[in-house]
Amino acid sequence: METIPVRHIKATQSEPNFSESFAIRDVRALLDGKAMVQKLHRHDFFFILALKKGKGSHEIDFVPYKVCERSISILRPGQVHQLTLKTRSAGYLMEFKNDFYNPHDKVANQLFRKASNRNFCQVKADGFTKLLSLLTYIFQEYCDKNEGYQEVIKANLGIFFIELIRHRQNSKSPSNNASNYTQERLEEFLALLETHFAKHKQASQYANMLNLSSYQLNAITKETLGKTSSDIINEYIILESKRQLLATSNQVNQIAYHLGYEDVSYFIRFFKKHSGHTPDVFRHNFR
């Protein structure tokens, strides 16, 4: 069965261990006078593209965004995206894995999750200037590799996420005033869903894994996302179905089995109910 292409951070001979976990690049140097055109793929790392100026398009999990100045794209590991950048784009592309930046402090971790739960935003001029100066500092530390530079980079990443939350604009979602506990349990649920969606499709199964009642899990997802836990499970299955349909050439029955459905006809009905199309029609219309 064909799998969605997964990209990794490229290591260098000088410092392979660190380079497999973190990288930052100057976009203008990366483009080198050429446009960037990518096919659908996914990463096993966090991906942050901060553009001082730029034109192009960025499709993240099948949601299209118009690349523009002072824009920031953030992808979590596993998300599918397709990026087109025109030649004169400028800014920074930063990549890092969980083993490099995974704050154990609860407040810092919550800020990181809050910053990375939106894939795209545009930032006002004064806010973007602050963010760009932090990325420039991180880039310089990465290039110079002076003593303690990895810790300096991690510290500045924490500041970057705080500043991003403060300054990003055009939010389409309501403000989230959930408690730290509620937000943490939501993140645990979403992490379990990404791992077990093919085997477990009932909200009660995830509630059991979290030592919660189904009522408690529903209360958490309604407070934070405005949806039931069953809605979130179904949405994730549909999203992964779309990823497989558009990023691979696997047959529908293969995709159904991959997603944990032995009855292919049931999967087709489920997909049509939640997307409005059969899998074959969706692939034909949107590929």
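Since every read-out is calculated from the coordinates, none of them should be taken as a lab result. Please read these numbers as outputs of a predicted model, since none were measured by experiment. All Cβ positions, glycine included, derive from the backbone under ideal geometry; neighbour counts span all protein chains shown.
Here are a few things to note about the model shown:
- Selection from Ile138, Leu51, Leu192, by position along the positive dipole direction of the chain (Cβ): Leu51
- Short-range pairs are left out: with C-alpha atoms under 8 Å and at least six residues apart, the relative contact order of the chain is 15 percent.
- Proximal lysines to Lys55, defined as alpha-carbon separation beneath 25 angstrom and excluding residues fewer than eight positions away on the same chain: Lys34, Lys39, Lys66, Lys86, Lys124, Lys130, Lys172
- Quotient of Cα Rg and 2.2 N^0.38 Å for region 115-216, N being how many residues it contains: 1.46
- Helix 125-144 vs. the chain, principal-axis angle (Cα, 0 to 90°, nearest 10): 70
- Tilt relative to the chain, helix 180-196 - C-alpha long axis, 0 to 90 degrees, to 10: 70
- Potential extension, Gln38-Ser133 segment - 0.36 nm per residue separation minus Cα distance: 31.4 nm
- Relative contact order of region 6-169, taken over Cα pairs closer than 8 Å and 6 or more residues apart, is 24 percent.
- Applying 1/(1 + (r/R0)^6) with r as the Cβ-Cβ distance of Ile165 and Lys86 and R0 = 25 angstrom yields a FRET efficiency of 0.30.
- Exposed-site-free run, longest, the chain (rule: GluC sites (Glu not before Pro); DSSP loop; at most 16 other C-beta within 10 Å): 148-261
- Distance in nm between pseudo-label sites at Glu188 and Gln205 (7 Å out along the Cβ direction from Cα): 1.9
- Overall, region 180-286 carries a charge dipole of about 320 debye about its Cα centre when +1 sits on the Cβ of Lys and Arg and -1 on the Cβ of Asp and Glu, all other atoms neutral.
- Taken along the Cα-to-beta-carbon direction at a fixed 7 Å, the label points for Ile4 and Ser265 span 2.9 nm.
- q = 0.12, 0.24, 0.31 Å⁻¹, region 20-72: log10 I(q)/I(0) [Debye, one scatterer per Cα]: -0.31, -1.29, -1.45
- Prolate/oblate/rounded call for region 6-169, Cα gyration tensor, a/c under 1.5 rounded: rounded
- Kirkwood-based Rg to Rh ratio, region 180-286, C-alpha trace: 1.02
- Quarter of the Cα convex hull surface for the chain, i.e. its orientation-mean projected area (nm²): 16.1
- Qualifying chymotrypsin sites (Phe, Trp or Tyr not before Pro) in region 31-67, where qualification requires a DSSP coil assignment and no more than 13 other C-beta atoms within 10 Å, are lacking entirely.
- Put a plus charge on the Cβ of each Lys and Arg, a minus charge on the Cβ of each Asp and Glu, and nothing anywhere else: the dipole of the chain about its Cα centre is then about 1160 debye.
- Per-residue Cβ neighbour rank within 10 angstrom, fewest leading, His81, His284, His277: His284, His277, His81
- Eligible aspartates and glutamates near Lys273 by straight Cα distance, threshold 16 Å, same-chain separation 8 or greater: Asp231, Glu235, Glu240, Asp263
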